[in-house]
1. Determine the relative contact order of region B:61-267: mean sequence separation of Cα pairs under 8 Å and six or more apart, normalised by residue count, in whole percent.
2. Rg to Rh ratio, region B:324-365, alpha-carbon atoms and Kirkwood radius?
3. Output the relative contact order of region A:99-227, whole-number percent, from Cα pairs under 8 angstrom with separation of 6+ residues.
4. Take the Cα gyration tensor of chain A, multiply each eigenvalue by 5, square-root it, and list the three semi-axes largest first, rounded to whole angstrom.
5. Which value in deg cm²/dmol, rounded to the nearest 500, describes the helix-derived mean residue ellipticity at 222 nm for chain A, given -39,500 (n - 2.57) per DSSP H run of n ≥ 4 and division by the residue count?
6. So which lysines pass the test for B:Lys91, namely a Cα distance under 27 Å, with those fewer than 8 places away in the same chain ruled out?
7. Starting from the 7 Å offset along Cα-to-Cβ, what nm value, one decimal, do you get for the label separation of B:Arg192 and B:Gln260?
8. For region A:85-97, in order, what is each residue's ³J(HN,Hα) by Karplus, 6.51 cos²θ - 1.76 cosθ + 1.60 with θ = phi - 60°, in whole Hz (x at glycine and Pro)?
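We did not get these values from a lab; they are worked out from the coordinates using the rules stated. Just so we're clear, the structure is a prediction, and the values are computed from it rather than from any experiment. Virtual Cβ from ideal backbone geometry, glycine too; neighbours counted across all protein chains shown.
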Amino acid sequence: MSTEQTLAVETRDLACTYMSGATSVAALDGVTLTVRRGEFVAVMGPSGSGKSTLLNVIAGLERPTSGWVRVDGEDLAALDEAGLAGHRSKRVGMVFQAFNLLPRYRVVDNVALPLIFAGVPRAERTARARALLDRLGMSSRAEHRTNELSGGELQRAAIARALVGGPAILLADEPTGNLDSANGAALIALLDELNRGGQTVLLVTHDASIARHAGRIMHLRDGKVLD
Amino acid sequence: MRLGDLAAMSLGNYARSRLRSALTTAGVAIGTALVVLLIALATGAENNVRRSIFSIGDLRLVTVQPFQPGANGLSAVPRTIDDGVVSQFRKIGHVAGVYRQFDAPLGQVVEGGDDAAIRPQGIEPNAPIDRGDLLAGRHLALGDRGVAVIPGNIARLVAPNVTAAIGKLVTLRIGGAVRLGSTRVGGSGTPRDYPVTIVGVFDEAASQTSVRIPLEDALVAGADNRGLTADSLRQQTGYSGIAIEADDSTNVAEIVRSVQELGYSSFSLKQVVEQIDQGFGVFRGILAGIGGVALLVAAIGIANTMVMSVLERTREIGILKAVGAAPGDVRALFLAEAAYVGIVGGVLGLLLGYLGGQVIERIIRELNPRTNPAPIFVVGPDLVLGALGLAILVALVAGFLPARRAMRMSALSALRYE
């Protein structure tokens, strides 16, 4: 197997610089890392360390100022805006701290949402969403609106949405940030279980007790990886 | 993104904020209704005028007059139409027939008494004015001499009814003074009598005084009246007019131009109709413009609503983009939503405009029962399609900038938007 096929994510000298007034702030400052397929990696660091920026760059929501990033073998710099949208709908699945579900849709429709933009027909979308909700123990909630769900259930629904496209990597940005400790622990157990099933997971957190569930922990500070 | 999904998703967005969508749509509906109503009114009026013109005569006809058109149209100079000119007319392209006419001096049908004053028109067989209006008998035919086709009112003066007038021998007194209505017109020259046989009677709706006689007879009578020979009359005075028939009404303008190049003024109903069309085009344009202002206001309403909607849904746009919506998908969603405003508003506006026209028409007829029975408001298929298309176009144009704004929104900052 070539490295191309074994690596889910590969970055080299990744830098992201913002202008804040007259001064430039480096959110990422030469990050080089690899995530192999099937790995569960946690990125730890205090707020402002650049860990969310790293995730956004991998998700294709943000372009790096310099350096490059490959996800599932694809160089994101080569993609235009529409290409990046395709990247988000096919190769990566994102889970946010704020859940980011659409309140006017049923849970099953929220889960199926990414497939709309991938051009999957309605019947297949719904079937795949239901199967995934079933697998995550959420099938009884499929027809509910999101305002009828608890925080733990919302985040499970969000994970289902992130996984529905069969992504090469699941990107989770502080997924337990809005959950109580019991629900947070359950969520981490779910990520663990998904990873044992072969799902590559990249988790961003500032909480060491969460991070220790990962197979590997990377520390970020001031936009740099600490060894 | 599939078209069906786009349609379903944007319909959901359109139907979500009911009151706002309803108000925006109402704006488009009123604008469209106004456009429909005003154009239907203009179309109805135009149809009415055109109908009246078509009832006057044949659109394929060009009438040449013995004048040279002046520079400003007012200073026409007399110009003789002789047989040389006529043969030039025959050579013009798309000419199906050329008919000479010579009007003899005024006169009367002696048997009909003082009321039977006439204008003898010397015409050729099958001339456009001598077609399809008979009450009895026949039209003029080739080789006819000493015959006449007379109007019904004069036939009834010389015989008990129009059929009884056929075959009757009467005297045409041509020249001298005649009585037209209540006034006596001092006619030209010395009156002379010509015996003619009535071969046809035409409907006097066309004319109550014209008597159609063979061209040669008219020329002889005219020559006698002025002490000339028929041949010299042809050369010096020329014909009173020429009727040129085009093979098709679309070629009339070309024939008119050729006649003018030969130095003669001409008249054609077709050109009148074209001028009326032009006039109504302007009229319709003005009315459509008034309706257009209403649509413009509606468009501003749509744009405003869409801007609000984009702002309100910033976070949703961020989520859609984060899960894989391409910039084009986001734009399409908002444009489709605007299109719904146009479609629903356009259909409602059509109904409103049509029904409004019917109601106004009924009220007008109720108030004035003698109103012309032709429809006042005419809504044709082109107006239906045009108005609907315009409503959708206006909505799309209004939605374009807000949709582009949504498209260009950064997913990250949209997700952070509270």
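1. Relative contact order for region B:61-267 comes out at 36 percent.
2. Numbers: Rg = 17.9 Å, Rh = 12.6 Å.
Radius of gyration relative to Kirkwood radius: 1.42.
3. Values: 140 pairs, mean separation 29.3, N = 129.
Relative contact order, region A:99-227: 23 percent.
4. Working: eigenvalues 159, 79, 59 Å².
Gyration-tensor ellipsoid for chain A: 28, 20, 17 Å.
5. Values: 8 runs with 81 residues, N = 227.
Counting only the DSSP helices, I get -10500 deg cm²/dmol.
6. Candidates past the 8-residue exclusion: B:Lys270.
7. Simple spin-label model gives 4.0 nm for this pair.
8. Whole-Hz 3J(HN,Hα) from phi for region A:85-97: 4, x, 4, 5, 7, 10, 9, 10, x, 10, 10, 10, 4.
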